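For reference, the structure is listed below as structure tokens.
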Amino acid sequence: MTNKFRGVMQSPVTPLKNDFSLDLATFEKVLDFHVRTGATAISWPHHKGESLNLTIAERKRFAEAAVKTVAGRIPVTIHVSALAVEDTFALARHAQDIGADGILAITPYFWTPTREAIHDYFVRLCTSIELPVLSYNSPSYLAGVEITGDLMARLIERLPNFVGVKEASFNSEKFLEISRAALKLRPDFALVTGVEFLLPSVPLGGVGSYSAAGSICPNLCRDLFDACVAGEWPRARELQYKVSRLWALFRNQYPSSLKGGMVIMGRPVGPTRPPLPTASAERQAHIRAELEQLGILDTEPHGW
Amino acid sequence: MPAFQPGLVHLPVTPFAPDRSIDFDRLGKLIDFHIRSRADALALPTHAGESVSLTDGEKRALIEFAVKHIAGRVPLIAHVSEAGTAIAAALARHAEAAGAAAIMATTPYYWTPPPEMILEHFVQIGAAVRLPFLVHNAPEDMSGGRVSAELMLKLIGRLDNFAGLVDSSLDWQFMIDLIMEARHARPGFLLISGTDLMVSAAAIGATAMFAPLAGIAPNLLRRLFALCRDDNLFEARAAQEEIASLRQLLKAGGVASLKAALAARGRDCGHPRPPLQALDAGATATLVRELDSIAALRDEPRGW
């Protein structure tokens with residue numbers, strides 16, 4: 001079976017009303033927008049979807065909405081990482097019950113588990129469900145806790161549904177060690193980065209990206225991916241630099257700047273839950289100026 | 001300033017005699033070996049060449065010897081890193097007078113000065129010469145000490161002969177942030193892979209490589225470099241994976257492993273200087289066995 005988690009996959013933001021409650025109608029519009037503009041899969045709620053600021057009940061409710069709204073047009077994976085590991089297991093089971101196509105799970109938060117503890121965690125998670133599982137490796141955000149190439153190999157050998165990784169070390173050596181270990185054992189293992197790092201990852205076996213950039217500039221995302229897989233490196237470089245300029249804009253006060261940018265693009269999705277800030281009017285004006293300068297307002301869709 | 005293109009740069013080790021003095025006869029043979037093995041340039045004495053364990057007088061003698069021995073066959077990049085700014089600047093002036101083609105320096109050893117003093121450190125070293133000046137970003141070597149893209153852009157503004165950055169951070173975000181701005185601020189600014197892992201760096205825009213493993217696998221590195229230089233990045237992956245496996249084999253033992261591997265390939269350059277320790281007999285035997293099992297090394301030269 002060819003791995004279906006590849007290409008420019010979108011991880012939507014979570015629309016909120018002004019009282020910070022979930023905005024279901026707008027969430028459905030976001031999902032439809034991504035499907036219509038070429039997303040190859042949906043994955044929700046990533047950190048940019050404010051996953052950790054949602055209750056477990058809210059996450060279940062919107063996971064159901066995502067599966068229902070996308071309605072099989074493209075695969076939907078649910079990000080199940082939670083502070084308490086037991087919540088993660090419940091979210092994983094729920095994702096399976098509602099008909100999601102897979103789950104995504106990071107190494108445990110807060111604690112600094114040993115390599116054996118990380119191994120045992122993924123074994124327990126992957127054997128608790130039948131769905132495909134994508135792991136999420138983010139050593140720079142999680143105090144050096146990481147899935148090394150050796151550990152990845154052990155998990156692949158043990159677990160038939162361990163099918164990929166969102167690789168967020170963004171480091172040549174770490175990526176290469178994982179790709180060397182994983183692809184030898186499972187040639188269709190999905191090595192996924194963010195859209196801001198397609199250029200350095202695709203030559204080493206990267207097959208796609210998760211991001212929310214498609215809510216701002218779906219055309220640019222698609223062009224970049226196409227240039228990378230076609231090996232058109234000079235063109236890919238220019239497009240990647242452009243994406244990086246946008247990423248520099250949005251990584252500041254992430255994900256509130258992203259939500260601020262969506263206002264400019266005619267797709268408002270409301271505020272960001274504390275402790276994250278909401279983009280101020282000044283911040284939005286700055287974002288507008290940058291988007292204008294990059295030509296995004298002329299080349300990307302406006303409105304829903 | 002004429003454009004300086006380092007190409008594939010080999011990093012000779014520093015051979016020591018049994019009495020721990022620099023073995024200049026062997027250094028001469030080693031330099032000849034590297035040039036015969038198609039180095040485009042040589043950098044010395046680098047960290048792989050135990051620069052930090054050489055006295056000031058030895059560093060000067062080594063540069064003078066190397067310039068005479070190379071006799072114009074390839075450019076010599078002199079590594080002048082020091083803790084004290086003035087000491088490094090004096091080494092740079094000496095290397096220029098001796099006939100080096102370029103100068104390279106890291107962040108200062110031991111100290112952790114504020115960014116404005118790191119900038120001043122580089123400005124003073126670079127301004128001591130008219131040669132192209134390269135900054136080496138090597139956080140793994142420097143207990144985490146690293147430069148930011150922002151600081152390097154400031155250095156471009158301050159230093160006319162700041163020609164490029166040698167990256168050993170392997171950090172995709174840093175490399176992208178730097179090159180997408182630096183190429184406008186200084187057309188021709190060089191991004192140079194500071195390790196044998198070039199594919200991702202090349203995708204981002206690196207055009208040269210410092211190869212510490214060139215003493216072991218010069219043919220494989222030449223193949224990798226040629227493919228990267230010609231933008232054949234998918235084709236470069238196989239060679240890159242072979243080199244990555246060699247790098248992982250030698251990594252833990254550092255210079256001691258590198259020298260043991262050189263001896264195993266018939267190019268005995270003695271032991272490292274204290275405080276580094278040579279590999280013991282058991283570790284050496286294991287290393288030799290593992291080297292012999294790497295199929296890709298069968299086409300690599302043995303002996304001088």
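The numbers here are math on the coordinates, done by the rules we state, and not lab data. No experiment lies behind these values; they were computed from the predicted model shown. All Cβ positions, even for glycine, are placed from backbone atoms using ideal geometry, and neighbour counts span all protein chains on display.
Quick one: Debye curve from the alpha-carbon atoms of segment B:104-185 only, equal weights, vacuum; give me log10 I(q)/I(0) at q = 0.15 Å⁻¹ to two decimals. Each listed q maps to, in turn, -0.47. Rounded to the nearest 20 debye, the dipole magnitude of chain A is 140 debye, with +1 charges on Lys and Arg beta carbons, -1 on Asp and Glu beta carbons, and the Cα centre as origin. Segment A:12-89 and segment B:126-197 have Cα centres spaced 40 Å apart. Note that segment A:11-22 has calculated 3J(HN,Hα) couplings of 10, x, 6, 9, x, 10, 7, 4, 8, 6, 7, 5 Hz, one per residue in order, obtained from phi through the Karplus relation 6.51 cos²θ - 1.76 cosθ + 1.60 (θ = phi - 60°); glycine and proline are x.
The Cα atoms of the protein assembly as shown define a convex hull whose projected area, averaged across directions, is 26.9 nm². Between the amide H of A:SER43 and those of A:GLN10, A:SER11, A:THR77, distances stay under 5 Å, these residues lying 5 or more places away or on another chain, with hydrogens modeled in the peptide plane. In this structure, the amide hydrogen of A:LEU104, modeled 1.01 Å from its nitrogen in the peptide plane, lies closer than 5 angstrom to those of A:ILE78, A:HIS79, A:VAL80, A:LEU134, counting only residues at least 5 positions away or on a different chain. For segment A:1-118, the dipole from Cβ point charges (+1 on Lys and Arg, -1 on Asp and Glu) about the Cα centre works out to 380 debye, to the nearest 20.
3J(HN,Hα) along segment B:128-145: 6, 9, 9, 5, x, 10, 10, 9, 9, 9, 9, x, 5, 6, 10, 6, x, x Hz, from the Karplus curve 6.51 cos²θ - 1.76 cosθ + 1.60 with θ = phi - 60°, whole Hz, x for Gly and Pro. The calculated pair-distance distribution of segment B:8-236 uses every alpha carbon pair, bins of 10 angstrom beginning at 0, and gives 8, 35, 38, 17, 2, 0 percent.
Once you sort the root eigenvalues of the Cα gyration tensor of segment A:15-126 as a ≥ b ≥ c, which label holds: rounded (a/c under 1.5), prolate (a/b larger than b/c) or oblate (the other case)? The shape class here is prolate.
May I ask which of A:LYS174/B:LYS29; B:LYS68/B:LYS251; A:LYS17/A:LYS166; B:LYS29/B:LYS259; A:LYS184/B:LYS251; B:LYS68/B:LYS154 have a Cα-Cα span longer than 25 Å here?
Working: A:LYS174/B:LYS29 35 Å; B:LYS68/B:LYS251 32 Å; A:LYS17/A:LYS166 30 Å; B:LYS29/B:LYS259 15 Å; A:LYS184/B:LYS251 22 Å; B:LYS68/B:LYS154 36 Å.
A:LYS174/B:LYS29; B:LYS68/B:LYS251; A:LYS17/A:LYS166; B:LYS68/B:LYS154, as the Cα separations exceed 25 Å there.
For every helix of n ≥ 4 consecutive DSSP H residues, a contribution of -39,500 (n - 2.57) applies; sum these over chain B, divide by its total residues, and give [θ] at 222 nm rounded to the nearest 500 deg cm²/dmol. Helices in chain B give a 222 nm mean residue ellipticity of -14500 deg cm²/dmol. Put the Cα centre of segment A:253-304 next to the Cα centre of segment A:149-197 and the gap is 33 Å. Picking from B:ALA101, B:MET180, B:ALA211, whose Cα lies most toward the positive end of the charge dipole for segment B:8-236 (charges on Cβ: Lys, Arg +1; Asp, Glu -1)? Projecting each Cα onto the dipole axis, the largest value belongs to B:ALA101. Both the radius of gyration and Dmax for chain A are 18.2, 52 Å, in that order, over alpha-carbon atoms. Comparing A:ALA227, B:PHE189, B:TRP111 along the charge dipole axis of the protein assembly as shown, the residue lying farthest to the positive side is A:ALA227, per the Cβ-charge model.
Charge dipole of segment A:238-304 (Cα centre as origin; +1 on each Lys and Arg Cβ, -1 on each Asp and Glu Cβ, all else neutral): 300 debye, rounded to the nearest 20.
Positive end of the dipole of segment A:7-215, charges at C-beta (+1 Lys, Arg; -1 Asp, Glu), about the Cα centre: which of A:LEU22, A:SER128, A:ALA66 has its Cα farthest in that direction? Of the listed residues, the answer is A:ALA66.
Most mobile of A:SER215, A:SER43, A:SER21 per a Gaussian network model of chain A (Cα springs, under 10 Å)? Evaluated over chain A, the most mobile residue of the options is A:SER21.
What average number of partner chain Cβ atoms lie no more than 10 Å from the Cβ of the residues making up B:190-201?
Rounded to a whole number, the mean comes out at 3.
Each residue of segment A:115-120 was assigned a 3J(HN,Hα) from its phi angle through the Karplus curve 6.51 cos²θ - 1.76 cosθ + 1.60 (θ = phi - 60°); the sequence is 4, 5, 5, 5, 4, 5 Hz, with glycine and proline shown as x.
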